[in-house]
Amino acid sequence: MARTIKCVKLGRDAVGMPYKPFDDELGQKIFDGVSFEAWKMWLEHSKMLINEYRLDLVTPEAQSFLREQMDSYFFGPGAQMPPGYVPEQAKAK
């Protein structure tokens with residue numbers, strides 16, 4: 001049976017994460033307060049960050065940047081968009 005949590009991102013009760021994404025303090029915070037729906041939203045946002053910043057995820061700098069953005073996305077003011085970022089829908093016009 002799925003656990004229900006009060007999601008910090010969505011601001012409502014939702015199905016919680018089925019697992020801790022990391023075995024550390026941030027992973028526990030996400031497990032305790034982020035819904036699976038919000039996690040999927042983060043995954044889409046992180047793809048955009050990886051592509052726009054051309055991150056090489058094998059480097060510690062890229063991993064650190066992505067974790068900082070993740071923490072901000074869920075528990076801070078929100079992850080910032082890259083400078084000059086134009087969403088795909090707006091690019092097509």
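The values are calculated or read from the model by the stated rules, or taken from the named source; none is laboratory data. Everything numeric here is computed off the predicted structure, so don't read it as measured data. As a convention, Cβ positions derive from the backbone with ideal geometry for all residues, glycine included, and neighbour counts pool all protein chains shown. Side chains are part of the model used for accessible areas, which takes the heavy atoms of the whole protein and leaves out ligands, DNA and RNA. Shrake-Rupley method; radii C 1.70, N 1.55, O 1.52, S 1.80 Å.
On the full set of protein chains, 1.4 Å probe, figure out the accessible area of Glu88 and give it in Å² to the nearest 10.
Solvent-accessible area, nearest 10 Å²: 130 Å².
Within the range 49-82, find all residues whose amide N lies under 18 Å from a label point positioned 7 Å from the Cα of Lys29 along Cα-to-beta-carbon.
63-80
What shape does the range 8-93 take by its C-alpha gyration tensor, where a ≥ b ≥ c are the square roots of the eigenvalues and a/c under 1.5 counts as rounded, a/b above b/c as prolate, and the rest as oblate? List each step's numbers first, then the result.
Details: a/c = 2.23, a/b = 1.35, b/c = 1.65.
It is oblate, given that a/c is not under 1.5 and a/b is not larger than b/c.
So what are the ³J(HN,Hα) numbers for the range 71-77, from phi and the Karplus equation (6.51, -1.76, 1.60; θ = phi - 60°), rounded to whole Hz, Gly and Pro as x?
The phi angles translate into 4, 5, 4, 8, 10, x, x Hz.
Would you list which aspartates and glutamates come within 14 Å of Lys6, measuring only between C-alpha atoms, while excluding same-chain residues fewer than 8 positions from it?
Candidates past the 8-residue exclusion: Asp32, Glu37.
If packing is taken as the average count of other Cβ atoms within 10 Å, what order do 47-56, 76-85, 7-16, 26-35 fall into, highest mean first?
Numbers: 47-56: 13.3, 76-85: 10.9, 7-16: 15.0, 26-35: 18.2.
Per-residue mean Cβ counts within 10 Å order the peptides as 26-35, 7-16, 47-56, 76-85.
With all protein chains present, how much of the accessible area of the chain (probe radius 1.4 Å) comes from carbon and sulfur, to the nearest whole percent? Provide the component values of the computation, followed by the final result.
Numbers: 3370 of 6220 Å².
C and S atoms contribute 54 percent here.
Straight-line reach from Lys47: which aspartates and glutamates have Cα under 14 Å away, leaving out those fewer than 8 places along the same chain?
Asp56, Glu88
Taking only protein heavy atoms and a 1.4 Å probe, what accessible area per residue, in Å², does the range 50-93 have with all protein chains in place?
75
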